[in-house]
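None of the figures in this text is laboratory data; all of them are computed from the coordinates on show. Everything numeric here is computed off the predicted structure, so don't read it as measured data. We place every Cβ from the backbone using ideal geometry, glycine too, and count neighbours over all the protein chains shown.
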Amino acid sequence: MKKSLRFGAAAIAAVATLSLASCGFGGSSGDSGDADGATTLDLLVPSYSDGTKANWETVIDGFEKANPDIKVKLEVQSWDNLEKVVSTKIQAGEAPDIYNGGPFAGFVGDELLYPTKDVVSEDTFSDFQESFIKNAEIDGTAYALPLIASARALFVNNALLDQAGVEAPTDWDSLLDAATKVSALGGGVAGYGMPLGSEEAQAEAAVWLWGGGGSFGDASEITIDTPENLAGAEQIKKMIDAGATQADPGSTQRSPLMDIFIQGKIGMQVGLPPTVGQIAEGNPDLDYSIVPIPTKDGSPFTLGVMDQLMAFQNDDDKKEAITKFFDYYYSADVYVPWVQAEGFLPVTKSGAEQLSGEEALKPFLDVLPDAQFYPSTNPQWSAADGAFKSLFGQIQTKPAQDVLTEIQAQVDAG
């Protein structure tokens, strides 16, 4: 895979089709060492792209040269197979020593994982973006290390905003004003692309509800029907009622809507890092910029998603070797090329600093410290996710309060 500071075509395709944090379990062999005395670490990972195996092999080769007494046994599985493979291994008492996956609360509940501070140096631990480490905590203790990140920002069609005589917005009032004026240009142009269809309604909802000071709850409680969330939901209705969005936002899906933005027919829409590559491929002449997502009061915010690395407590004799591997992997000169090759954003401060000169990535890197996350460690989150996808689009025609009440009721019902 092309290892450039830009998103290559293969990396873009990988990220565009990937659902981050979509997996759950892990497995591996239990031998602590080889006949020659070397310690063997079993590493189970999902395939993010066609280059994932080679990317990990590059890391492993460098690590084994620096640590000849440690061997790393790599196993790469598809996302579709990962959960089954890992579950089987755990049931057989063969959990991997190191595992790359998404949800991990079940492992913590079964006391299978090391607290991350037990398997990384203090220097490595302190290098992670605080917001990402916090998202890896259960009851105040981190049990997983952030691995890769994705964040969101507002893509702005500069030409359309110039025609409308407005600037890129920073808060809800300026967003409503700008989007309304862009929509008034006519010719099939929409001011703001608002995808509330089932594809990713929970994400667009988070942009607005969290941007108004709300949240979806935490590891212990899912909270949808709150006054703070109502502020964002009512702002959505203001946008729709003012004609500031595309037609029928309640049933519009994100991916096809972004295609319309790329074609130059939408003034503003929230997008992801891969959107940069999609624009380069689909409409390289598009005059656009990337700015932070406008919020109620203009305070910084982004919706973050991440996958993790975690270490299973198989054999305490391996703990030192695991620590050496994590410290090696997260060193900027090793970690940043791996992240670049896979087309994601780094979760470390040193990684963000190393890529800070990248114009295409900088808007996303700048907002990473302010990332907020879905409460994925809460067992009820899957029900909330489904409720948003099936019900939130009704906000186009129903009172905002009614929609939030219905989603909360579906979550509470399990």
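Numbers for the structure displayed
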{"item": "For region 256-270 and region 332-382, distance of Cα centres in Å", "result": "24"}
{"item": "Neighbour-count ranking [beta-carbon atoms within 10 angstrom, fewest first] of Met268, Met310, Met239", "result": "Met239, Met310, Met268"}
{"item": "Within straight-line cross-link reach of Lys84, aspartates and glutamates at Cα separation under 16 Å, skipping those fewer than 8 residues along the same chain", "result": "Glu75, Glu94"}
{"item": "Cα-centre dipole for the chain with unit charges at Cβ (Lys and Arg positive, Asp and Glu negative), debye to 20", "result": "1060"}
{"item": "Too-long pairs where the Cα-Cα distance tops 21 Å, listed order kept, from Lys237/Lys398; Lys134/Lys318; Lys117/Lys319", "result": "Lys134/Lys318"}
{"item": "Sequence-distant residues sharing a close amide H with Ser215 (under 5 Å, placed H)", "result": "Asn229"}
{"item": "Charge context of Glu64, other residues only, Cβ under 12 angstrom, K/R +1, D/E -1", "result": "+1"}
{"item": "For peptides 318-326, 179-187, sequence by mean Cβ density within 10 Å, most packed first", "result": "318-326, 179-187"}
{"item": "5 angstrom amide H check on Gln246, placed H, neighbours 5+ away", "result": "Tyr192, Met194"}
{"item": "Amide proton proximity set for Val72, modelled H, under 5 Å, gap of 5+", "result": "Leu41"}
{"item": "Percentage relative contact order, region 197-236, counting C-alpha pairs under 8 Å, at least six apart", "result": "41"}
{"item": "From phi via Karplus (6.51, -1.76, 1.60), per-residue ³J(HN,Hα) for region 295-302 in Hz, x at Gly/Pro", "result": "10, 3, 10, x, 6, x, 6, 8"}
{"item": "Gain upon complete extension [Ala413, Ser356; 0.36 nm per residue less C-alpha separation]", "result": "16.0 nm"}
{"item": "Residues Thr39, Thr58 arranged by fewest to most Cβ contacts within 10 Å", "result": "Thr58, Thr39"}
{"item": "Beta bridges per DSSP with both ends in the chain, % antiparallel, nearest 5", "result": "60"}
{"item": "Estimated vicinal HN-Hα couplings, Hz - region 202-218 in sequence order (Karplus 6.51, -1.76, 1.60; Gly, Pro = x)", "result": "5, 6, 5, 4, 4, 3, 8, 5, 6, x, x, x, x, 6, 9, x, 9"}
{"item": "Relative contact order computed over the chain (Cα-Cα under 8 Å; 6+ residues apart), in percent", "result": "26"}
{"item": "Between region 167-202 and region 73-107, the alpha-carbon center distance in angstrom", "result": "42"}
